[in-house]
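Down below is the structure, laid out as structure tokens.
The values are calculated or read from the model by the stated rules, or taken from the named source; none is laboratory data. In this text the structure is predicted, and so the values were computed from the model without any measurement. Cβ: placed from backbone, ideal geometry, glycine included. Neighbour counts: every protein chain shown. Side chains are part of the model used for accessible areas, which takes the heavy atoms of the whole protein and leaves out ligands, DNA and RNA. Shrake-Rupley method; radii C 1.70, N 1.55, O 1.52, S 1.80 Å.
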Amino acid sequence: MVTGRIPEPGVELLRAAGHDVDAWIEDDPMPRDELLRRVVGADALVTLLTERVDAELLDAAGPQLRAVCNVAVGHDNIDLAACRERAVTATNTPGVLTDATADLAMALILMVTRRLGEGERLVRSGEPWRWGMSMMLGTGLQGRRLGVVGMGQIGTALARRAQAFGMSVAYTNRRRVDPAVAAELGAAHVSLDELLATSDVVSLHCPLTPETRHLIGEAELATMRPGAFLVNTARGAVVDEAALVTALEAGRIAGAGLDVFEHEPQVHEGLLGRDDVVLIPHLGSATEETRAAMAVLAARNALALVTGETALTPIG
Ligand code: DGY
């Protein structure tokens, strides 16, 4: 069962393998009660990040269920313990969205430091404006430090991009990155506190877990350099959004570029009217090619698991 609308190549792959596929084709998510009804008897679920995969859903499917294949690299929508208890393998889609998401993080860095959203709004507003030496000055990236929180594939790909813009890189991560990669990027491994205190741009790339919920709160925002920027393309709840608004209002940091929100799709009122924030609607992996590749990888995981093979990209 494909619980949300995904690109056709993913569904095609499942059908071409001879499976009976029940695929939701509306853009809005399937109502929960309908999902709980339709899921009965499914061997595999292909899910979107908007789907809550919990004990209720797994039990509704039944004991034959083998696989939950998320069409996303993030998997905070899945109760992994409930999956394990029922011998259900959960998978995600790492790798195929690395470049798209790193591109978007770089775009947010450029937008927020160069005030591009604000500039675009000015031109569209029809308000009079003319070029001026001191008009809408931003912050250059050259010689500045990027702090990457979570140096996995996306964090590393962003670091490469930032290096090309003349930035130095520091990172914090549970594990140190491959020494060859660290040397190539000149990336220093530092504590979160040191990263926050020394970076001009802090970019978040860690998964949302109980440990990383509100990883960036009042104290962490207070540790950031005055004039620094925060960028989040990970999950909204990694940042305490209310604390972020307070820090922005107090001028503690210079701005934020956000692709994700704590209570998505709701956005904190205090962010909406601010010119020092760039707000975009969770577009990290939103390219045609990337979304098709994600759907295909999720389908390949489902096919492998229903035929008793090992998943390509199991979680954990
Ligand atoms: C993910 O994969 O987790 C992104 O948030 C959506 O592609």
Task: Whichever residue in the range 199-213 is buried (at least 17 other Cβ atoms within 10 Å of the Cβ) and not in a strand (DSSP E or B) and, among such residues, is farthest from the ligand (Cβ to nearest atom) - done: Asp200
Task: Hits in the range 64-80 (condition: away from the ligand (no atom under 16 Å from the Cβ) and either under 22 Å from the mean Cα position of the chain (by Cα) or of a type in the set (Asp, Glu) (or both)) - done: Asp79
Open item on the list: Tell me the residue from Thr101, Thr113, Thr89 that is under 25 Å from the mean Cα position of the chain (by Cα) and within 16 Å of the ligand (Cβ to nearest atom), please.
Closed with: Thr101
TODO: Name the residue, out of Leu141, Leu146, that is part of a loop (DSSP other than H, G, I, E, B), open to solvent by less than 40 Å² (accessible area, probe 1.4 Å) and not small (Gly, Ala, Ser).
DONE: Leu141
Task: Criterion violated by Val296 - all others in (1) within 16 Å of the ligand (Cβ to nearest atom); (2) in contact with a helix residue (DSSP H, G or I) (Cβ under 8 Å, 6 or more places away or on another chain); (3) at pLDDT 95 or above; (4) open to solvent by 70 Å² or more (accessible area, probe 1.4 Å) satisfied - done: (4)
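For the range 1-26, which residues satisfy the criterion of being assigned to a helix (DSSP H, G or I) and of a type outside the set (Lys, Arg)?
As a first pass, look at the range 1-26 and keep what is assigned to a helix (DSSP H, G or I): 8-16.
Once the filter is applied, which keeps residues that are assigned to a helix (DSSP H, G or I) and of a type outside the set (Lys, Arg), the range 1-26 yields Glu8, Pro9, Gly10, Val11, Glu12, Leu13, Leu14, Ala16.
Within the range 27-45, identify whether any single residue is more than 21 Å from Thr290 (Cα to Cα), in a loop (DSSP other than H, G, I, E, B), open to solvent by 70 Å² or more (accessible area, probe 1.4 Å) and touching a residue at least 40 places away in the same chain (Cβ under 8 Å), and answer yes or no.
Yes, that holds for at least one residue.
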Task: Looking only at the range 228-253, and only at residues there that are open to solvent by 40 Å² or more (accessible area, probe 1.4 Å) and of a type in the set (Gly, Ala, Ser), the one that is nearest to the ligand (Cβ to nearest atom) - done: Ala242
- [ ] Could you run through the range 254-275 and say how many residues are assigned to a strand (DSSP E or B), open to solvent by 40 Å² or more (accessible area, probe 1.4 Å) and touching a residue at least 60 places away in the same chain (Cβ under 8 Å)?
- [x] 0
TODO: Identify the single condition in (1) open to solvent by 20 Å² or more (accessible area, probe 1.4 Å); (2) touching a strand residue (DSSP E or B) at 6+ places or on another chain (Cβ under 7 Å); (3) among the aliphatic types (A, V, I, L, M) that Ala60 does not satisfy, given that it satisfies every other one.
DONE: (2)
TODO: Among residues belonging to the range 46-72 that are touching a Gly at 6+ places or on another chain (Cβ under 8 Å) and in a loop (DSSP other than H, G, I, E, B), point out the one that is nearest to Leu305 (Cα to Cα).
DONE: Gln64
Open item on the list: Can you tell me which of (1) touching a Gly at 6+ places or on another chain (Cβ under 9 Å); (2) assigned to a loop (DSSP other than H, G, I, E, B); (3) more than 11 Å from the ligand (Cβ to nearest atom) is the one Pro94 doesn't meet?
Closed with: (3)
Open item on the list: Take Gly227 and tell me if it is under 18 Å from Leu196 (Cα atoms) and part of a loop (DSSP other than H, G, I, E, B).
Closed with: yes
- [ ] Might you let me know whether the range 73-82 holds any residue that is farther than 19 Å from Arg291 by Cβ, free of Cβ contacts under 8 Å to residues at least 12 places away in the same chain, outside the structural domain of Phe261 (by TED's automatic domain parsing) and open to solvent by less than 50 Å² (accessible area, probe 1.4 Å)?
- [x] yes
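State yes or no: is Ser134 among the polar types (S, T, N, Q), assigned by TED's automatic domain parsing to the domain that holds His205, open to solvent by less than 60 Å² (accessible area, probe 1.4 Å) and modelled with pLDDT of 95 or more?
no
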